[in-house]
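Here's the structure we're looking at; comments come further down.
The values are calculated or read from the model by the stated rules, or taken from the named source; none is laboratory data. These figures come from a predicted structure and were not determined experimentally. Positions of Cβ are generated from backbone atoms using ideal geometry, with glycine treated the same way; all protein chains shown enter the neighbour counts.
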Amino acid sequence: MAPRPSRLLVACASALLAGLIVAAPAQAIQLAPAEPHSPNAEDMNTAYWVMFVVTAVLIVLINAALIAAIVRFRDRRGRRPARVAAGRGALRPVLGGLSLLAIAIFAYGVVTTENVREVESSGPGGLDASQSAQVGVKGAPQAAVLEGEESATGEDPITGAEPTEKAPLEIDAIAQQWVWRFEYPGGQPGQRTFSYGELVVPVDTTVLMNIDSTDVMHSWWVPALGGQVQAAPGKITQTWFKADEEGRYPGRSTIFSGSAYPAMRAWVEVVGVPEYQSYVEQLRGDITEAQGIVAREVASQ
Amino acid sequence: MTPPTLAPARPEIVTRGVPTPRPGWVERATSADHKSVGTLYLATALTFLVLAVTEFVLMRVQLIVPENTMISPEIFNRLLSAAGVTTAVLFAIPLALGSISYVVPLQIGARGVALPRLNLFSYWLYVVGAVAVYASFLYTVPEAGTYSLAPLSEMVFSPSHGVDAWVTGVALATAGFTLFAVNLVVTIGRMRAPGMAWRRLPLCSWAANAIGYLLLVIAPVMLAAMVMLMIDRQFDGVFFQAGEGGAPLLYEHLAMLFFSGGYAIVVVFAAGVISEILPTFSGKPIFSHRAAAASLVAIAVLVPLAWMQSMYEAPLAEGWTIMAMAFALALVVPIGTLLYIWLATLWRGALRLRAALWYALAAISTMSIGLAGELGYSVISVGWQLDNTTAAQADTLYVLVGGGVMGGFAALHYWFPKLCGRLLGESLGKIALVPMLVGIHLYSLPMFLAGLEGQPVDVFKYFEGTGVDGYNLIASIGAFVLAAGVLLQLANAAHSWGHGLSAAHDPWGGATLEWFALSPPPPHNFDAVPDVRSPEPLRDIRDAVRLRTESFQARAAREPVAATTAPHARPEPATEDSDDAENPSVA
């Protein structure tokens, strides 16, 4: 059964197949996003898989029906088209089914999104930020974007958080063309400890990120640790993650930001709690020392 | 100043005041005939398709291997900025507008459009805008990215005048689209043939009507954004400047509203074309005219309302993103209904698999993948993960190539005989579809997988060891194959314009009124405008002619055979013993 019309289909299919066969060894194909290492990334991964299945089923159904129609109903000698159209109410089941599908996906979308937004508290092995040496604690973030924001900032370390719950670690991530600046808690305002490009955080600890930009739009995205968040100048956005494993997680900006845009990358180094504390101490010492040198230079001139 | 007198009529030859014939190109450039304007729009849009394909191919050449340095970052970013505006503003929307300008007045049985000069003016605004964008290649090319997002497009960050050219070009083009839409809605609203009630309006005209109102909403919004950006750049404005009382996010909102509206135009136009082609070539009426028209309108309304669906990452209050998700998911109903109607129209038909139908079927298949995928990205937590990656881009490309390119070629195949009285080469058209279909999958599937690995869009390089090398190589090959198919089909069209097979006024047996006019139609379109009594007026006319012919035949069969006299062929009264055996109907 390979007369004219099928020939085109066969040609397309075989060319595509040939392409994929050539392509297959080039890459071990992975159908899921980066392996999640944070509860919010896990929720998003689940949502991805649910929607992947729904989408794939729809695509296969539609295209199978289309191909079946082409093969079965092409014009042959003696074929008469059945001149029928929808009678009254013939589309009602279709409309009903589609509406149900839309409502179901919407409900699922709302639930899964709430799950992702919900900030989990630090685990047993994590750092309690209120216990660590903090001289000054910065004020509440300006923009309330995340729902978990109230519970997170409601715990005032000075008045005392709930004894069972560890305070999250709050990091300010400030984007600029084309590097990230991370400011760690502690230190006087204007004299905060900071690092560029690489963020070091303790494992099993809730990290709240306040994301800002000093120039153009950027976005914060570490696939293993959660979704994208836009860094818009003048507007602070929040996200969070809780890394479950030590390691180095790459991230990148996904909003075009000018000539060196691909360089707008970031790395999150997840380390143990003691390593984190010593890292920050070391960083603070280095910065103080460097600032001292600069101050002496300035004074000597 | 002599008073008029009633002189006896006598023949006279007038030589003054009669316009001398003008050169063809002047006639073409100044003719306000909707068919001439439509042809100009189509030709210009297809020219920009060639440019968009070229820019796209160059960018894919750069991305064949990781950390490629063949094309410098500056050049790549300029290609990127030019390709975005070329694809959306200079190709996809004008292609739809050109087809609409040509076909819709014919389809609704009008002898012209309501505001012909406005129509022509809209074309020239668009062309001047396009020239403004491309003239910048002579000094500095725009380099602020696909959407020229503020504050990157502000003077501080993009001091080159390429961005000014981008802004000016888009402003002029959107001003043109606004004027086009005014003419379009007035024409469809007030100039339909007698009897063509809304329920009998052909589906492509329904799509055009929806596009007209949609453009009236989104084109002025983009025009306003461009004016504001220009004020920011050149006149010390602070509309989009953070820290000065401005709101950078405002630009993103305005631009996303426009670009999602452009997406809707591509989808609705392709859906309108498909809804014309399927009934014609399956020999059946559309399964439900009313539901199809309602779906087209619903898509045009819902897509732009869901503009924040592409801004889930932005600092928006939670409620807005939920609202955007609701509108985006509500699209399941009209899009699903349309797909069902199309399949039901094909089912139990007799499909004449001409090139136009093949392109329509390919458009359905390709768009269905993109639209189903869009369903996934509409869920906020999936969007957070995959927006702005090549996975989302591959999905958008499925819709734009399926709707804009394949749907556009379907329209071209279908109405080409009306444009120039010739058929668009059938066999070459079908052959060109193979690389297009292979190319789009070969491009989009690896790009989807690379997006899962985390490759963002718009980058001029990717890094080794990020697991996307192989994907990019295959995607580049796919892009070249796709481009080859598109260019082959364009060459086919260019050749057929002068050398195609001649076609009569109704080569496909269409059911709508554009096939009642000659090919190409005279300036006034119709010698007589028929009354419309159903959504398939031409079918009614054909039926009436058939019935009349049959009644003539029946009468002729009843009449006795007339004989004539030998030398002068004068009618001779029938003899009594005429041969009844040859006329069995004579009782």
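Can you name the condition, by its number, that B:Leu138 falls short on among (1) away from chain A (no Cβ under 14 Å); (2) under 28 Å from the mean Cα position of the chain (by Cα)?
Every condition holds for B:Leu138 apart from (2).
If you check B:Val333 against the conditions, is it at the interface with chain A (Cβ under 9 Å from one of its Cβ atoms) and under 23 Å from B:Val217 (Cβ atoms)? Step through it out loud before you land on a result.
Values: at the interface with chain A (Cβ under 9 Å from one of its Cβ atoms): yes; under 23 Å from B:Val217 (Cβ atoms): yes.
Criteria met by B:Val333.
For the subset of the stretch A:61-107 comprising residues that are more than 7 Å from chain B (Cβ to nearest Cβ) and touching a residue at least 24 places away in the same chain (Cβ under 8 Å), which member is farthest from B:Val332 (Cα to Cα)?
A:Val71
What do you reckon, is B:Ala293 farther than 30 Å from B:Val163 by Cβ, in contact with a Gly (Cβ under 9 Å, 6 or more places away or on another chain) and crowded, with 20+ Cβ neighbours inside 10 Å?
Taking the combined requirement at face value, the residue does not satisfy it.
Conditions first: (1) over 19 Å from the mean Cα position of the chain (by Cα); (2) away from every other protein chain (no Cβ under 11 Å); (3) part of a helix (DSSP H, G or I). B:Glu464 passes all but one, so which condition is the exception?
Every listed condition holds for B:Glu464 apart from (3).
Looking at the stretch B:475-492 only, could you name the residues that are buried (at least 24 other Cβ atoms within 10 Å of the Cβ) and either within 13 Å of B:Thr389 (Cβ to Cβ) or within 10 Å of chain A (Cβ to nearest Cβ) (or both)?
B:Ala475, B:Gly478
Conditions (1) assigned to a loop (DSSP other than H, G, I, E, B); (2) β-branched (Val, Ile, Thr); (3) at pLDDT 90 or above, marked per residue:
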{"site": "B:Leu487", "(1), (2), (3)": "no, no, yes"}
{"site": "B:Leu490", "(1), (2), (3)": "no, no, yes"}
{"site": "B:Gly498", "(1), (2), (3)": "no, no, yes"}
{"site": "B:Leu518", "(1), (2), (3)": "yes, no, yes"}
{"site": "B:Phe526", "(1), (2), (3)": "yes, no, yes"}
{"site": "B:Val532", "(1), (2), (3)": "yes, yes, yes"}
{"site": "B:Arg542", "(1), (2), (3)": "no, no, yes"}
{"site": "B:Glu550", "(1), (2), (3)": "no, no, yes"}
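Among the listed residues B:Tyr134, B:Tyr139, B:Tyr126, identify the single one that is of a type in the set (Ser, Thr, Tyr), out of contact with any Cys (no Cβ under 6 Å at 6 or more places or on another chain) and modelled with pLDDT of 95 or more.
Every option except B:Tyr126 fails the conditions.
Name the one entry in A:Ala224, A:Ala243 that is more than 8 Å from chain B (Cβ to nearest Cβ), assigned to a loop (DSSP other than H, G, I, E, B), at pLDDT 90 or above and over 15 Å from B:Leu249 (Cα atoms).
A:Ala243
Name the one entry in B:Gly283, B:Gly272, B:Gly319 that is farther than 30 Å from A:Thr237 by Cα and surrounded by fewer than 24 Cβ atoms within 10 Å (Cβ to Cβ). Let's see the steps before the verdict.
Values: B:Gly272 fails: surrounded by fewer than 24 Cβ atoms within 10 Å (Cβ to Cβ); B:Gly319 fails: farther than 30 Å from A:Thr237 by Cα.
Only one candidate qualifies: B:Gly283.
For A:Ala18, indicate whether it is more than 8 Å from chain B (Cβ to nearest Cβ) and either assigned to a helix (DSSP H, G or I) or closer than 30 Å to B:Ala432 by Cβ (or both).
Judged against the criteria, A:Ala18 is a match.
In the list B:Leu437, B:Leu445, which residue meets the criterion of being touching a residue at least 12 places away in the same chain (Cβ under 8 Å), at the interface with chain A (Cβ under 7 Å from one of its Cβ atoms) and surrounded by 21 or more Cβ atoms within 10 Å (Cβ to Cβ)?
Exactly one of B:Leu437, B:Leu445 is touching a residue at least 12 places away in the same chain (Cβ under 8 Å), at the interface with chain A (Cβ under 7 Å from one of its Cβ atoms) and surrounded by 21 or more Cβ atoms within 10 Å (Cβ to Cβ), namely B:Leu437.
Which numbered condition in (1) buried (at least 22 other Cβ atoms within 10 Å of the Cβ); (2) of a type in the set (A, V, I, L, M, F, W, C); (3) within 11 Å of another protein chain (Cβ to nearest Cβ); (4) outside any loop (DSSP other than H, G, I, E, B) is the only one that B:Val303 fails?
(3)
B:Val37 passes all but one of (1) in a helix (DSSP H, G or I); (2) without any contact (Cβ under 8 Å) to a residue 24 or more places away in the chain; (3) of a type in the set (A, V, I, L, M); which number fails?
Unmet condition: (2).
Let's see how each residue does on (1) over 19 Å from B:Val268 (Cβ atoms); (2) buried (at least 24 other Cβ atoms within 10 Å of the Cβ):
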residue	(1), (2)
B:Thr168	yes, no
B:Ser205	no, yes
B:Ile218	no, yes
B:Leu229	yes, yes
B:Leu250	yes, no
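Please enumerate the residues belonging to the stretch B:358-370 that are touching a Leu at 6+ places or on another chain (Cβ under 8 Å) and facing chain A (nearest Cβ under 9 Å).
B:Trp358, B:Leu361, B:Ala362, B:Ile364, B:Ser365, B:Ser368
Please work out if B:Met256 is closer than 24 Å to B:Trp166 by Cβ, more than 14 Å from every other protein chain (Cβ to nearest Cβ) and in a helix (DSSP H, G or I). Write out each step before concluding.
Working: closer than 24 Å to B:Trp166 by Cβ: yes; more than 14 Å from every other protein chain (Cβ to nearest Cβ): no; in a helix (DSSP H, G or I): yes.
It is false that B:Met256 is closer than 24 Å to B:Trp166 by Cβ, more than 14 Å from every other protein chain (Cβ to nearest Cβ) and in a helix (DSSP H, G or I).
For the stretch B:154-170, what are the residues that are at pLDDT 90 or above and of a type in the set (S, T, N, Q)?
The answer is B:Thr168, and nothing else.
Going by the conditions given, is B:Thr86 away from chain A (no Cβ under 14 Å) and either surrounded by fewer than 19 Cβ atoms within 10 Å (Cβ to Cβ) or closer than 25 Å to B:Ala300 by Cβ (or both)?
Spelling it out, B:Thr86 is indeed away from chain A (no Cβ under 14 Å) and either surrounded by fewer than 19 Cβ atoms within 10 Å (Cβ to Cβ) or closer than 25 Å to B:Ala300 by Cβ (or both).
Quick one: in the stretch A:28-60, of everything that is surrounded by 14 or more Cβ atoms within 10 Å (Cβ to Cβ), facing chain B (nearest Cβ under 9 Å) and not in a helix (DSSP H, G or I), which residue is farthest from the chain's Cα centre (by Cα)?
Restricting to residues being surrounded by 14 or more Cβ atoms within 10 Å (Cβ to Cβ), facing chain B (nearest Cβ under 9 Å) and not in a helix (DSSP H, G or I), the top hit is A:Ile29.
Output the number of residues of the stretch A:250-301 satisfying the condition of being in a helix (DSSP H, G or I) and within 27 Å of the chain's Cα centre (by Cα).
Of the residues in that region, 9 qualify.
Do you know which residues across the stretch A:175-203 are modelled with pLDDT under 90, over 26 Å from B:Gln455 (Cβ atoms) and part of a loop (DSSP other than H, G, I, E, B)?
A:Pro185, A:Gly186, A:Gly187, A:Gln188, A:Pro189, A:Gly190, A:Gln191, A:Arg192
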